[in-house]
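Scroll down for the structure; my scribbles are underneath it.
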Amino acid sequence: MTDIVVYGKGSARFGNREYRCALGAAGIVGRKVEGDGGTPAGAWPLRRVLFRPDREVLPECSLPVSAITPTDGWCDDPRHDDYNRPVLLPFSGGHEIMWRRDHLYDLVIIVGFNDDPPVPGAGSAIFVHLASAELAPTAGCVAFAREDLLAILPGLDQTSALVVRHS
């Protein structure tokens, strides 16, 4: 098993390589709460990879991979029955739009955080995705430069996890 191991302030290891990454603006948190800006500490399974087909080619990866469309969203509304689940747009509850104008969600790994089953308010939409050019903080996700995420994807499989440590 090869895990993505995140530690400290914006460092990650995958196999024998080190990478820089962006974390939530609140840093690594022990107890995640919806909207706190923290990246949750722990070991989280990797569920699947999404990609935007008008900007990326089908990535090489052993995880399930699917293309996103302009109607894809992700519910982040703790009051909604679809909390922390993919949804189709338009959608009446609070949600993230997966088909973004920027490039952050052109490649996304869905992380199995608070999804089996989701606990309302305990955090949603924790992804591994593309970072901004300056590695700006995320809302709680882990983000890598495009070339780094493309280097990591082929080494992932159903046993891989995102491991987030305080140090």
All but one of (1) more than 14 Å from the chain's Cα centre (by Cα); (2) assigned to a loop (DSSP other than H, G, I, E, B); (3) under 18 Å from L63 (Cα atoms); (4) of a type in the set (A, V, I, L, M, F, W, C) hold for A122, so report the exception by its number.
(3)
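For the structure I just gave you, tell me whether E56 is touching a helix residue (DSSP H, G or I) at 6+ places or on another chain (Cβ under 6 Å) and either part of a strand (DSSP E or B) or surrounded by fewer than 20 Cβ atoms within 10 Å (Cβ to Cβ) (or both).
Answer is no for this residue.
From L89, L63, which residue is free of Cβ contacts under 8 Å to residues at least 60 places away in the same chain, surrounded by fewer than 20 Cβ atoms within 10 Å (Cβ to Cβ) and not charged (D, E, K, R)? Let's see the steps before the verdict.
Values: L63 fails: free of Cβ contacts under 8 Å to residues at least 60 places away in the same chain.
The match here is L89.
For the condition touching an Asp or Glu at 6+ places or on another chain (Cβ under 6 Å), modelled with pLDDT of 95 or more and not charged (D, E, K, R), what is the one hit in G35, G30, G24, G94? Before you say what the answer is, go through the steps one by one.
Values: G35 fails: touching an Asp or Glu at 6+ places or on another chain (Cβ under 6 Å); G30 fails: touching an Asp or Glu at 6+ places or on another chain (Cβ under 6 Å); G24 fails: touching an Asp or Glu at 6+ places or on another chain (Cβ under 6 Å).
Being touching an Asp or Glu at 6+ places or on another chain (Cβ under 6 Å), modelled with pLDDT of 95 or more and not charged (D, E, K, R) holds for just one of G35, G30, G24, G94, which is G94.
Condition check ((1) within 18 Å of I97 (Cβ to Cβ); (2) in contact with a strand residue (DSSP E or B) (Cβ under 8 Å, 6 or more places away or on another chain); (3) assigned to a loop (DSSP other than H, G, I, E, B); (4) among the aliphatic types (A, V, I, L, M)) across all residues:
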site	(1), (2), (3), (4)
V5	no, yes, no, yes
G37	no, yes, yes, no
A43	no, yes, no, yes
L46	no, yes, no, yes
D77	yes, yes, yes, no
Condition (residue is of a type in the set (K, R), in contact with a helix residue (DSSP H, G or I) (Cβ under 8 Å, 6 or more places away or on another chain), surrounded by fewer than 15 Cβ atoms within 10 Å (Cβ to Cβ) and on the phi < 0 side of the Ramachandran plot) applied to the stretch 4-19: is it met by at least one residue?
yes
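Let's see how each residue does on (1) surrounded by fewer than 12 Cβ atoms within 10 Å (Cβ to Cβ); (2) within 20 Å of G140 (Cα to Cα); (3) at pLDDT 95 or above:
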position: P45; (1), (2), (3): no, yes, yes
position: V49; (1), (2), (3): no, yes, yes
position: T71; (1), (2), (3): no, no, yes
position: D81; (1), (2), (3): yes, no, yes
Could you list, in sequence order, all residues of the stretch 79-102 that are among the aliphatic types (A, V, I, L, M) and in a loop (DSSP other than H, G, I, E, B)?
L89, M98
G8 in contact (Cβ under 8 Å) with a residue 24 or more places away in the chain and within 16 Å of the chain's Cα centre (by Cα)
no
Give me the pairs: first residue in the stretch 114-128 and farther than 16 Å from I28 by Cα and among the charged types (D, E, K, R), second residue at pLDDT 95 or above and surrounded by fewer than 18 Cβ atoms within 10 Å (Cβ to Cβ), beta-carbon distance under 8 Å, and six or more apart or on different chains, which are they?
D115/R47; D115/R85
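The values are calculated or read from the model by the stated rules, or taken from the named source; none is laboratory data. Remember, it's a predicted structure, so these values are computed and weren't measured experimentally. Backbone-built Cβ (ideal geometry, glycine too); neighbour counts: all protein chains shown.
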